[in-house]
Amino acid sequence: MASHDSSYVPGSAVEKWLDERLPVIRWSKTHLLDFPTPKNLNYWWTFGGILAVMLVVQIITGIILAMHYTPNVAMAFDSVEHIRRDVNGGRIIQAVHAVGASMFFFAVYVHIFRGLFFGSYKAPREILWILGVLIFVLMMATAFMGYVLPWGQMSFWAATVITNIFAAIPVVGTPVLELLRGGFAVDNATLNRFFSLHYLLPFVIAAVVVLHIWALHVPGNNNPTGVDVKSSRDTLPFHPYFTMKDLFAILVFMIPFAWFVFFAPDLLGHPDNYVMANSQVTPAHIVPEWYFLPFYAILRAIDFNILFIDSKLGGVIFFAGSILVLFFVPWLDTSKVRSGTFRPMFKWFYALFVVNFVLLAYLGASPADANVLGLSVADFSKVCTAYYFLYFFVVLPVLGRIETPKPLPASISESVLGQPAAAE
Amino acid sequence: MIMKTTKTLFGALALGLAMMMSPVSAAESGHSVPEITKQSWTFGGVFGTFDRMQLQRGFQVFKEVCASCHSANLLAFRNLAEPGGPEFTEGQVKALAAEYQIADAGVEGGARAGVAADRWPAPFANEQEARAANGGAMPPDFSVIAKARTTTQPFPWWILNYVTAYSEGGPDYMHALLLGYEETPPEGVEIPDGKYYNHYFPGHAIGMPPPLSDGAVDYGDAENGSTVPETADQYARDVSAFLMWVAEPHLVARKEAGFGVMLFLFLFAGVMYLVKRRLWANAH
């Protein structure tokens, strides 16, 4: 596991005794303190640490909430309200958990888009990237099931709409749908299994995070130049340099987090979720949480049949494909240069990809029959969906062949010393 | 050459996108519900707290007008004495609770006088009874209604809500709704018998008759001698504020905690910035 030699010398007889049996202190020193980290990492790289903190925040608040929550269709809605009203500090714990989900996703999107720009998925970090995408998928499943638990109108209808997606799969669709729901419709059985899985999955995520960090510690961090670490002059020990820098970034990240928790805990949610679930009343406008909107827009964009594939299945294929394609990015991008900084054409296509992703989110939130600058949401979504896939299947493979990258710095330390302004 | 073309191309695209995002999408303007203007609330914004006297007046409106049809199942009498709310005295709350008969299968006769720990008794025993008494419409429960309703702003403006921490959409909506009745519906709008025309209700045909009119609730004289106007607008304001408190009873405590947390975070982040800068000063 270690990619460099340990400098640990047991300081006492007890430590020596322990080191010969279970070298946890040696391991911690190697991986948590001494780990050589490129010294030019910018603040985009602090989001890994932020995400680790967010996972812990969600697990701790979630465990406390589960102590007071009742997973039953008749009582779930009131039990969440009971937490907000009657449990000591419950209003804040519940708000931290709900707002925390949004902050968690915000951080993960920054983290993913940082990886996409600086080519952090390229050899030898493919497994690291794949594990990251796996964490993202698990997060989406966890967040979706968590959103169902308060059993408001949006919870219920999101559960209905999203589980319905699976019914489009040929042959196994209906059995899978019934397995997910625990019956023919979203009901008590659904709520119970979602609660159970919502409690389980965060620990699965934590396990994959361990693998993710393991896979990070074999090749070490990528860095803004994308140039490999060449000597010890290029790196600094993780502690104290990056622990302190990350801690600063985490605290800054906590400020907007606290802003929402204490001053506008419901602003990121939907008012309809303060109405108890009712299978007889469909909300006028069912929208998922903001962090699912880009993918929801892709799902809705396919409203036409493709040959023998009907629009519903087509939507599901594109929806699933938009996430699955991320697993293959390491092999779709043919450029040998990692960092987008040195790729003059890639930069622009990447910027457009980011804008396109935000646009997809906007379209996902708009009613299907609306217009955005004379173009219907349906047509606009098709254009944006097309670019989303073109980026992965055409832009990334082709650019690597036709683009002339700028000259790379000889080493990380050269790039740092050459640009004192960026030596933050 | 290629570079220049790509730059021009993307520049044009970016410009196009910027232009497209600025006008309001037809989606919002397509709704026939007129936009609701934001009101000024004492509990609005980061520094807002409830006005105790307003909550007491709002409670009076709720008790004398709304509560004859609407339940508030999560509101307990004791809440009315808790800090951050209307803050009636414990004696007042006990006396108030005793005025009500609470269904209790464990006592002789099946009902007893209320105590402070009881929840606010619902006006109807069940949904069927409520609908039967209200022309088929179900008066919604008021426990969290202030958070279950909101107003919408067209595209660029809602972004401001995140900066101002706008959380008063519910009271804004309720205030508008309570005053949004029109005796004769606009031309071409058919309102079924037993329904009323309201500008702000989705679909405009609301089952609730106009509940407030000037002078309907007697506020008496305020403690400090100044009299509060007994107008429908004032009643709507007061009861909307009260329902916000019912939905968010710990609003004041939550914001107070927020100031401590924010101060701590800013100071700690500032210190950590200095630590980081000092540490990295000779790292290169």
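Points to keep in mind about this one:
- Qualifying residue in the range B:260-277 (condition: assigned to a helix (DSSP H, G or I), charged (D, E, K, R), facing another protein chain (nearest Cβ under 9 Å) and closer than 21 Å to B:Phe47 by Cβ): no
- Looking only at residues of the range A:227-252 that are charged (D, E, K, R) and in a helix (DSSP H, G or I), we find that the one that is most open to solvent (accessible area, probe 1.4 Å) is A:Arg233.
- Of the residues examined, A:Ile317 is one that is under 25 Å from A:Leu134 (Cβ atoms) and not assigned by TED's automatic domain parsing to the domain that holds A:Phe118.
- Some residue of the range A:322-341 being farther than 22 Å from A:Trp129 by Cα and either facing chain B (nearest Cβ under 9 Å) or without any contact (Cβ under 8 Å) to a residue 24 or more places away in the chain (or both): no
- A search for C-beta distances below 6 Å between a residue of the range A:61-85 that is in the same structural domain as A:His97 (by TED's automatic domain parsing) and under 16 Å from B:Leu74 (Cα atoms) and any residue that is basic (Lys, Arg) and modelled with pLDDT of 95 or more, counting only pairs 6+ apart in sequence or on different chains, returns A:Arg84/A:Arg91.
- Hey, B:Ala122 open to solvent by 40 Å² or more (accessible area, probe 1.4 Å), in a loop (DSSP other than H, G, I, E, B) and within 19 Å of B:Gly58 (Cα to Cα) or not: yes
- Within the range A:137-223, helices (runs of 4 or more DSSP H) holding 2 or more residues that are under 21 Å from the mean Cα position of the chain (by Cα): A:153-166, A:188-217
- Residues in the range A:388-409 that are open to solvent by less than 60 Å² (accessible area, probe 1.4 Å) and over 22 Å from the mean Cα position of the chain (by Cα): A:Val395, A:Pro397, A:Leu399, A:Gly400, A:Glu403, A:Pro405, A:Pro409.
- All helices (runs of 4 or more DSSP H) inside the range A:1-94 with 2 or more residues being hydrophobic (A, V, I, L, M, F, W, C) and open to solvent by 30 Å² or more (accessible area, probe 1.4 Å): A:13-21, A:24-28, A:47-68
- Single match in A:Lys29, A:Lys39 (criterion: in contact with a strand residue (DSSP E or B) (Cβ under 8 Å, 6 or more places away or on another chain) and within 30 Å of A:Leu417 (Cβ to Cβ)): A:Lys39
- Of the residues A:Val99, A:Val24, the single one that is within 14 Å of another protein chain (Cβ to nearest Cβ) and either out of contact with any helix residue (DSSP H, G or I) (no Cβ under 7 Å at 6 or more places or on another chain) or within 14 Å of A:Phe257 (Cβ to Cβ) (or both) is A:Val99.
- Condition met for A:Trp348 (open to solvent by 50 Å² or more (accessible area, probe 1.4 Å) and either at positive phi or within 14 Å of chain B (Cβ to nearest Cβ) (or both)): yes
- Meets criteria (within 14 Å of chain B (Cβ to nearest Cβ), open to solvent by 20 Å² or more (accessible area, probe 1.4 Å) and out of contact with any helix residue (DSSP H, G or I) (no Cβ under 7 Å at 6 or more places or on another chain)) for A:Phe308: no
- The number of residues in the range B:125-157 being assigned to a helix (DSSP H, G or I) and more than 10 Å from chain A (Cβ to nearest Cβ) comes to 9.
- Failed condition for B:Gly114, given (1) surrounded by fewer than 18 Cβ atoms within 10 Å (Cβ to Cβ); (2) touching a strand residue (DSSP E or B) at 6+ places or on another chain (Cβ under 6 Å): (1)
- If you go through the range B:107-162 and pick out every residue that is over 21 Å from B:Lys195 (Cα atoms), of a type in the set (Gly, Ala, Ser) and out of contact with any Phe, Trp or Tyr (no Cβ under 7 Å at 6 or more places or on another chain), you end up with 9.
- Output for the range A:351-365, where each listed residue is more than 12 Å from chain B (Cβ to nearest Cβ) and either within 11 Å of A:Arg300 (Cα to Cα) or modelled with pLDDT under 95 (or both): A:Leu360, A:Gly364
- Residue count for the range A:81-91, restricted to those that are touching a Gly at 6+ places or on another chain (Cβ under 9 Å) and either more than 10 Å from chain B (Cβ to nearest Cβ) or more than 26 Å from A:Asp187 (Cβ to Cβ) (or both): 1
- Qualifying residue in the range B:216-233 (condition: out of contact with any His (no Cβ under 9 Å at 6 or more places or on another chain), open to solvent by less than 50 Å² (accessible area, probe 1.4 Å) and assigned to a helix (DSSP H, G or I)): yes
- Single residue of the range A:366-387 satisfying the filter (part of a helix (DSSP H, G or I) and either open to solvent by less than 20 Å² (accessible area, probe 1.4 Å) or touching a His at 6+ places or on another chain (Cβ under 9 Å) (or both)) that is farthest from the other protein chains (Cβ to nearest Cβ): A:Thr385
- Taking the criterion of being exposed (fewer than 15 other Cβ atoms within 10 Å of the Cβ), in a loop (DSSP other than H, G, I, E, B) and within 25 Å of the chain's Cα centre (by Cα), the only residue of the range A:311-345 that qualifies is A:Thr334.
- The criterion of being within 24 Å of B:Leu160 (Cα to Cα), open to solvent by 30 Å² or more (accessible area, probe 1.4 Å) and out of contact with any helix residue (DSSP H, G or I) (no Cβ under 8 Å at 6 or more places or on another chain) does not hold for A:His270.
- Residue under evaluation A:Ile255, criteria (1) modelled with pLDDT of 95 or more; (2) buried (at least 16 other Cβ atoms within 10 Å of the Cβ); (3) within 13 Å of chain B (Cβ to nearest Cβ), criterion not met: (2)
- Any hit, the range B:168-191, residues being modelled with pLDDT of 90 or more, touching a helix residue (DSSP H, G or I) at 6+ places or on another chain (Cβ under 9 Å), part of a loop (DSSP other than H, G, I, E, B) and surrounded by fewer than 20 Cβ atoms within 10 Å (Cβ to Cβ): no
The values are calculated or read from the model by the stated rules, or taken from the named source; none is laboratory data. Quick caveat, the model's predicted, so the values are computed rather than measured. In this analysis, Cβ positions are derived from the backbone assuming ideal geometry, glycine residues included, and neighbour counts consider all displayed protein chains. Only protein heavy atoms, including side chains, enter the accessible area calculation; ligands, DNA and RNA are left aside. Shrake-Rupley method; radii C 1.70, N 1.55, O 1.52, S 1.80 Å.
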